[in-house]
Amino acid sequence: MVGLKAGGKGIQLEMHDASRTIGFGALILALVAAGIALILSGGSEPAPTATAVRDSTPAAASRGEPAALSQQQAGRDEVLDLPARGTPLAWVRFGERVEIRSAPGGPVTETVGPETQYGSRSVFSVAKTDGEWAGVPNPFTGNGVLGWIKLDPDQLKAGYTTHAIVVDLSEHRAQLIRAGEVLRTFTVSVGAPGAETPTGSFAVTDTFRGGLNPVYGCCAVALTAVQPKLPSGWIGGDRIAIHGTTGPLGVNVSHGCVRAADRDVSALVDDVPPGAPVTIRQ
């Protein structure tokens, strides 16, 4: 796993909403010696992206960015209108905070603002809906357990992505997929015996390029997955990431993270937005 802290150089994120594109500040990060330690935390505003999906709208088609529904499309109804295409995304409006609950209307597990600790937009991948509630993968309710957010259009904005990542642990293989088409297949190393990479349905929370300890390669893609099998004395955090490596590939060797060649992780950072779904299967 990779430990990420504030400080050092980061990456530039872009936001996109209808025909407007706005550049936001660089993510600040630096790696410590082992494991990923990423703690996540109105009006018309841009859709979050890390130069990602080629979906809809002219700007999105040319830049490869996640598609946002305009306010006119979304309607600002009592319940946020999620798109019927791709994987629906919902992100927190500036100035708002959203409660993640253990069940629809249940106890609050965590409250998040419009940005993660590292400056990415707080983007939820909607895996399931129940009336005015959306079930979302997140790092707070545990692997395989959805958190629930209220689809309040005053707090959230909606969009979608057609990108996804699939990791097959037994095959030591990962795939980048867009609209059902495999764009890239590459070899990975995964968790060692006793520190197996968690399986299930997750989502991307942040992407990082540059400023990393060389052990972790060029880039990293942080996930909502957490590692419940931490070694005694471990201080590197419990978050799982896909990151570069200088070590061997195709083996079970990590503390749970998915390791890949720099060129492959770089492609993920280029193409995959926050909120994109990630499936890790045995």
**OP:** Look at region 85-110 and say how many of its residues are over 17 Å from Gly135 (Cβ atoms) and either part of a strand (DSSP E or B) or hydrophobic (A, V, I, L, M, F, W, C) (or both).
**Re:** 1
**OP:** Report whether or not Val167 is modelled with pLDDT of 95 or more, part of a strand (DSSP E or B) and closer than 16 Å to Phe202 by Cβ.
**Re:** yes
**OP:** Restrict the check to region 152-162 and report whether at least one residue is touching a Ser or Thr at 6+ places or on another chain (Cβ under 8 Å) and aliphatic (A, V, I, L, M).
**Re:** no
Subject >> Residues (surrounded by fewer than 18 Cβ atoms within 10 Å (Cβ to Cβ) and within 15 Å of the chain's Cα centre (by Cα)) located in region 148-173 >> reply: Val166
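The values are calculated or read from the model by the stated rules, or taken from the named source; none is laboratory data. Everything quoted here is computed from the prediction, not taken from an experiment. Note that we place each Cβ from the backbone using ideal geometry, even for glycine, and neighbour counts take in every protein chain shown.
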